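Trainee: Structure provided below as structure tokens; questions to follow.
The values are calculated or read from the model by the stated rules, or taken from the named source; none is laboratory data. Being a predicted model, the structure only gives us computed values, none of them experimental. All Cβ positions, glycine included, derive from the backbone under ideal geometry; neighbour counts span all protein chains shown.
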Amino acid sequence: MTDLPLSVLDLFPVSEAMTAGEALEHSLRLAELADTAGYARYWVAEHHNTETFISASTEILLGLAAQRTRRIRVGSGGIMLPNHSPLKVAENFLTLEALFPGRIDLGLGRAPGTDGRTALALRRAPDALATDDFGKQIAMLRAFAGEAEWPMTSPFSAVRAYPQGTLPPLYILGSSLFGAQLAGELGRPYAFAYHFSGFDPREALDTYRRHFQPSEHLAAPYAILGVNVVAAEDSAQAHELSLTSAALALGIASGRRGPLMSPADARRWLEQMEVAPQQLLGKAVIGSGAEVWAGLQALAERTGAQELMITTHIHDPAARRRSYELLAQAAGLTGSVPAAVEQTLTLG
């Protein structure tokens, strides 16, 4: 049994020759596996205007995942709050909490999760793109839910989100130092997107701890680290499967948006572009289950992360599920909620 909680971050990827319905079903099957394999959480990330990932309707997918699982916490990793009305987010997550009490997490981010044009389509007003009031939006969300006071001058003081209840635990997400500082100042758990951020995770987590103020929600800092992982029966197979992840990273950098490539197609494209996979996968942890687990433990020790959120991009959905299964076995996951996770579950 491990004292280091492991969780799952899913973007609902679509592979070549796969329908949207098939992709959705494969991710929901991953949620079921995560539940039985002993992972602490299954989170879904919000993305828009990309055929690679189809997790745009994040709250719907969370409800489906929660319905098909029994034990695991299900949450957003995250809801990109500037894309939405805080009132609507409060309504959605109060509803989820009412349906699945004690199992929902509300992770909030400030990035658009898409390109600027799509962000404008989501927010409808050009001036909304220039507004950076993430902290204010969080306060509004909590006020609509009845868990924070409105200023006396607010025009919304009579507006309440329904169904009435208690919001799920809030987590602040980030890929830069802004989110780290805000999470610390708010006294909330912090999840850092190491799997795609260019920032040093140690700097981000140190910033979070340095600015942490104990709150009614959390007495001490709690840091989650997102990590790219590919595990297989042996290291050679894992590195072959990871070619899909390398091609995905190159596609994001070059503006290519398409379904996940097979390892064979990815190899051909990488060779054509004269890019070595190692150039694109420097932060990923790749190998057998035991090798990956050892690498993750070392990463947690180096950064001080108290929980690791694993994301895996493999063309074959069965191989993707097997990657998570092998890691769970190597880590000795049991399915009980680790004590470290318990301290983040003060509601509201």
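Trainee: Can you tell me which condition Arg268 does not meet? The list is (1) among the charged types (D, E, K, R); (2) under 15 Å from Ala238 (Cβ atoms); (3) more than 18 Å from the chain's Cα centre (by Cα), and all the others hold.
Mentor: The number of the failed condition is (2).
Trainee: Quick check on this structure: which one of Ile310, Ile252 is at negative phi, surrounded by fewer than 20 Cβ atoms within 10 Å (Cβ to Cβ) and β-branched (Val, Ile, Thr)?
Mentor: Details: Ile310 fails: surrounded by fewer than 20 Cβ atoms within 10 Å (Cβ to Cβ).
After ruling out the rest, the residue left standing is Ile252.
Trainee: Another question, if that's okay. Taking the range 161-183, which residues are in a loop (DSSP other than H, G, I, E, B) and in contact (Cβ under 8 Å) with a residue 60 or more places away in the chain?
Mentor: Here is the first cut: in the range 161-183, the residues in a loop (DSSP other than H, G, I, E, B) are 161-169, 175-176.
Correct list: Ala161, Tyr162, Pro163, Gln164, Gly165, Thr166, Leu167, Pro168, Pro169, Ser175.
Trainee: Moving on to the next point. Report yes if some residue within the range 235-249 is touching a Ser or Thr at 6+ places or on another chain (Cβ under 7 Å), surrounded by fewer than 20 Cβ atoms within 10 Å (Cβ to Cβ), in contact (Cβ under 8 Å) with a residue 40 or more places away in the chain and closer than 30 Å to Pro189 by Cβ; otherwise report no.
Mentor: no
Trainee: Let me ask something additional. Could you tell me whether Ala34 is under 17 Å from the mean Cα position of the chain (by Cα) and either of a type in the set (A, V, I, L, M, F, W, C) or on the phi > 0 side of the Ramachandran plot (or both)?
Mentor: Yes; evaluated as a whole, the condition is true for this residue.
Trainee: Still on this structure, I have one more. If we scan the range 188-201, do we find a residue that is of a type in the set (Asp, Glu) and touching a residue at least 24 places away in the same chain (Cβ under 8 Å)?
Mentor: no
Trainee: Next question. Looking at the range 263-348, what helices (runs of 4 or more DSSP H) fall wholly within it and have at least 3 residues that are at pLDDT below 95 and among the hydrophobic types (A, V, I, L, M, F, W, C)? Before you say what the answer is, go through the steps one by one.
Mentor: On the way: elements: 263-272, 277-280, 289-303, 317-331, 339-342.
Result: 339-342.
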